[in-house]
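Notes follow the structure.
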Amino acid sequence: QVQLVESGGGLVQAGGSLRLSCQASGLPFRVYDLNWYRQVPGYERELVAGISSFGETSLADSVKGRFTMSRDNTKGTIDLLMNNLKPEDTAVYFCNAAMGPKLDFWGQGIQVTVSS
């Protein structure tokens, strides 16, 4: 059974930092593309950052220069380091593992709240 479990969310003041982690199990981790998404109630889920199985990274324009994503294929973890957080970063953040159009797994989501 595939499981993705997020941790590290919470409440932080604007300008602060948080590190989100996602622990994966039950899948051949190193062959999956890994992503962090976020969602605000009433809005579509937004891709924040991704690392391909080849190690190529991408970041949404809104978080470039502030967020860093990394993966550890040995431990089966992916991290999202979020610096200089802004109130508009407030959302539920989701860990995602995907391979092709049919293999797509999600964590349960974790709340990040940035106060002004």
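Figures for the structure shown
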read-out	value
Inter-label distance, nm, simple model (7 Å from Cα along the C-beta direction), Asp61/Asp79	2.9
Å² per residue, accessible surface of the stretch 1-78 at 1.4 Å	58
Debye, to nearest 20: dipole size of the stretch 57-116, +1 on Lys, Arg Cβ, -1 on Asp, Glu Cβ	100
Dipole-positive endmost among Val63, Met99, Asn83 within the chain (Cβ charges, Cα centre)	Asn83
The stretch 22-91, accessible surface, carbon-and-sulfur percent (1.4 angstrom probe)	50
Length-normalised contact order of the chain in % [C-alpha pairs under 8 Å, at least 6 apart]	35
Cα-centred dipole magnitude for the chain, charges only on beta-carbon of K, R (+1) and D, E (-1), debye, nearest 20	180
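The values are calculated or read from the model by the stated rules, or taken from the named source; none is laboratory data. Every value quoted in this text rests on a predicted model; they were computed, and no experiment measured them. Because the Cβ atoms are built from the backbone with ideal geometry, glycine has one as well, and the counts that use them run over all protein chains shown. Note: areas computed on protein heavy atoms with side chains; ligands, DNA, RNA excluded. Shrake-Rupley method; radii C 1.70, N 1.55, O 1.52, S 1.80 Å.
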